[in-house]
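**Q** Please see the structure below; I have some questions.
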Amino acid sequence: MLQLTHKNVHNYFKINGYHLTADELRRVGYDYIKEGDANDRAIGEFLLDWFDDKDYIEMRTSGTTGLPKVVKLQKQAMIQSALATGDFFELEPRNKALLCLPVKFIAGKMMLVRSFILGLDLDIVEPSTHPLALNTTKYDFVAMVPLQVQNSIEALQNVKKLIVGGAKMDSSLEEKVLPLKTEVYETYGMTETITHIAARRVGENVFTVLPNVKIVQDDRGCLVITVDTISEEPIVTNDLVEIIREDQFIFLGRIDNVVNSGGVKLIPEQIEAKLIDKINSRFFVTGIPDTVLGEKLILVIEGEKQDFATDFFDVLDKYEKPKEIVFVPKFKENENGKLLRKPSLV
């Protein structure tokens, strides 16, 4: 059997209803760059990059595993990632898929690659916070970020399988999608792993890795990922995990966010999970310098000041209770929409 290359386009692949070959996709790419908006230009540039003679594309990382940097992603590795996703989610040629994510990021690029390789019938819509507005098409496979899911609950009746990435889904959003017939999965991954390498069905807390992915913990308790088809070297993350078995793990939090308060190490994500149903605004907990404790745990809430009952923190353990509540008008986010957890606190 001949190995697939980045010049291969599945016979059943469609884009916005049209069968297109590699040569035709290159021509579409030129048109998108010449006449399209910012997202169209990103699609056009990717199409030209994908079908050129180089065996890699260049991407800027989001900083999940360190400082943001430009990395070269091998096209063959992206193909293998697409095949693994197809196996894990049982995607088949002619399945209807929707691309509603910005193509300048890896998640958007990989929806295109999966479609080329797996033979998906792909619709492309402008990225927005309401991607299924006025939609009546039934889709087999869609990828979104949490905000898009939040604004598409009723319309998800037309989606068979939905993967959600880019940021963590909070428990209130999970409760909204649980009753749906849609199979909803939160994904785990980063640019360095060529989008997701694991997923968990909403309602469960365990991530299961995709085919050919191996996982271990390092001496910090952080996840180390080995995917021979993607990287020759193990990918070391800053994500604290509990490994359940060789192909499953529970995400605990980011080691970067751990607060050492008086010698007690606190994981903000674990504390936030206990408070999620008690605070209506966006919030996070973090540490700030303290002369006595080294770091003092505080709760930061977006919006106007509000009062809380004296038993508000009773759901927390003794050392998990914030020493102070800080209100800020608006949280800062990076260009991916991820919350910057240490804004300037005045």
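**Q** Run lengths n ≥ 4 of DSSP H only: what is the helix-derived mean residue ellipticity at 222 nm for the chain, with -39500 (n - 2.57) per run over all residues, to the nearest 500?
**A** Details: 7 runs with 74 residues, N = 346.
Helix contribution divided over all residues of the chain: -6500 deg cm²/dmol.
**Q** Continuing with this model, one more query. Lysines within cross-link reach of Lys75: Cα-Cα under 27 Å, excluding same-chain residues under 8 positions apart?
**A** Reachable lysines: Lys7, Lys14, Lys34, Lys54, Lys96, Lys104, Lys109, Lys161, Lys214, Lys338.
**Q** Okay, next question. For Lys69, give me every one of the aspartates and glutamates with a C-alpha distance below 20 angstrom, ignoring sequence neighbours fewer than eight places off in its own chain.
**A** Reachable aspartates and glutamates: Glu45, Asp49, Asp55, Glu58, Glu192, Glu232, Glu233, Asp239, Asp256, Glu333, Glu335.
**Q** Right, something else. At 1.4 Å probe size, with every protein chain present, just tell me what the per residue accessible area of the chain comes to in Å².
**A** Values: 17840 Å² over 346 residues.
For the chain, the per-residue accessible area is 52 Å².
**Q** Taking all pairs of different Cα atoms in the stretch 191-346, averaging 1/r and flipping that mean, what Kirkwood radius in angstroms comes out? Display every interim value, and only then the final one.
**A** On the way: mean 1/r = 0.0570 Å⁻¹.
After inverting the pairwise mean of 1/r, the radius is 17.5 Å.
**Q** Answer rounded, prolate or oblate for the stretch 1-111, using the Cα gyration tensor with square roots of eigenvalues a ≥ b ≥ c: rounded when a/c is under 1.5, else prolate when a/b is larger than b/c, else oblate.
**A** Working: a/c = 1.43, a/b = 1.09, b/c = 1.30.
Rounded, because the longest to shortest axis ratio a/c is under 1.5.
**Q** Let me ask something else about it. List the aspartates and glutamates whose Cα sits under 14 Å from the Cα of Lys305, skipping any in the same chain fewer than 8 residues away.
**A** Cα-Cα hits under 14 Å: Glu324.
The values are calculated or read from the model by the stated rules, or taken from the named source; none is laboratory data. Computed from a predicted structure; not experimentally measured. To get the accessible areas, we keep the full protein, side chains included, count just its heavy atoms, and leave off ligands, DNA and RNA. Shrake-Rupley method; radii C 1.70, N 1.55, O 1.52, S 1.80 Å.
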